[in-house]
Amino acid sequence: MNIFISWSGESSKEIASTIKNWLPTVLQSTKPYFTPSDVEKGSKWESEITKKLNECKVGLICLTADNTEKPWILFESGALSNRLEKSRVCPILFGLSNSDLKGPLATFQTTEFRKDDFKKLIKSINKLLEENEIPDFVLDEAFEAFYPKLEQKINSILEDSNSDNQINKITKRSDRDILEEILELNRKQYITPKTIIEDNDDVYNLINSSNYKVLTFGEAQKLQAGDRVLHSKFGRGTVYSLNMYPEKPLDCKIDIKFDHSGIKKLLLRFAQLAKL
């Protein structure tokens, strides 16, 4: 049975990959589908991912503290709910509780990543295997044997993520005043349109004077769909997709949905972006 695993963000990606490799050790007839790149997700959504989505009978959504409002998570969970019965769309909460969810994700029956709750999810998936369903006593033994290693791996991922988030929070607090000034400059440009380039230079200089440095071309190529960025002219936005051309890297483009001006397609090497 095919199972679609949805993720967004680095920690969620690692968790999704871990579950993909772990699941067949307990339920051998499952075939988890997991795409390892956000850029790949953006470029293949209309073809490969849609095809896989139509083949899957269950959708697992890996939710972490930093991705519950990410575009790809919301997009894929919505697509899964349109394709499958709601009971077969299963958000798994890693380091979260139901009270942390808002909007569409709050309407699903969730599973918290703790032993008893996660085991219920695995048993529910087993029931859907029909002729390949394994006896409860066999499943219990397999789960008890393999769960501790899964728990250890995922807890390690979450601990590393929490450490990174704590560092990011400290950095952002120290830059709060600078970012507020950046936003104010951009608001002034939208209220009173100007063509004076000094306004954009002010924003560019403010970005460089904070810990949010303008990304190099190489760094910009590592951006992923869902990343929040700051542009010297258009302000804050969310990366929608990247159009990468390995044979012509200088022609790479990025689509960004800006908070105030909608989607813009930018030539990546001239985009002057800072990652938020």
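Thr25 to Ser124: FRET efficiency via 1/(1 + (r/R0)^6), r the Cβ-Cβ distance, R0 22 Å, to the nearest 0.05? The calculated FRET efficiency here is 0.80. When you count the other C-beta atoms within 10 angstrom of each residue and take the mean per peptide, 219-230, 82-93 line up highest first as 219-230, 82-93. Put a dot 7 Å past the Cα of Gln152, heading toward its Cβ, do the same for Phe217, and the two dots end up 4.6 nm apart. Basic side chains Lys and Arg get +1 at the Cβ, acidic Asp and Glu get -1 at the Cβ, and with that the dipole of segment 221-276 about its Cα centre reaches some 140 debye. With 0.36 nm allotted per residue and the present C-alpha distance subtracted, the Glu159-Glu131 stretch has 6.2 nm of extension available. FRET efficiency for the pair Asp100 and Lys248, taken as 1/(1 + (r/R0)^6) with r the Cβ-Cβ distance and R0 = 35 Å, rounds to 0.20. Classify segment 45-167 as rounded, prolate or oblate, taking a ≥ b ≥ c as the square roots of the eigenvalues of its Cα gyration tensor: rounded when a/c is under 1.5, otherwise prolate if a/b is larger than b/c and oblate if not. Note, shape of segment 45-167 comes out oblate. For segment 224-274, what does the alpha-carbon gyration tensor say about shape, rounded, prolate or oblate, given a ≥ b ≥ c as the root eigenvalues, a/c under 1.5 as rounded, and a/b over b/c as prolate? Cα axes put segment 224-274 in the prolate bin.
Classify segment 1-114 from the C-alpha gyration tensor, please: rounded if a/c falls under 1.5, else prolate or oblate depending on whether a/b exceeds b/c. It is rounded, given that a/c, with a ≥ b ≥ c, falls under 1.5. Highest mean packing comes first when the peptides 263-273, 123-133 are listed by Cβ atoms within 10 Å, giving 263-273, 123-133.
Here, each number is a calculation from the coordinates, and none is a lab measurement. Just so it is clear, the model here is predicted, and its values are computed rather than measured. Neighbour counts run over all protein chains shown; Cβ positions are idealised from the backbone, glycine included.
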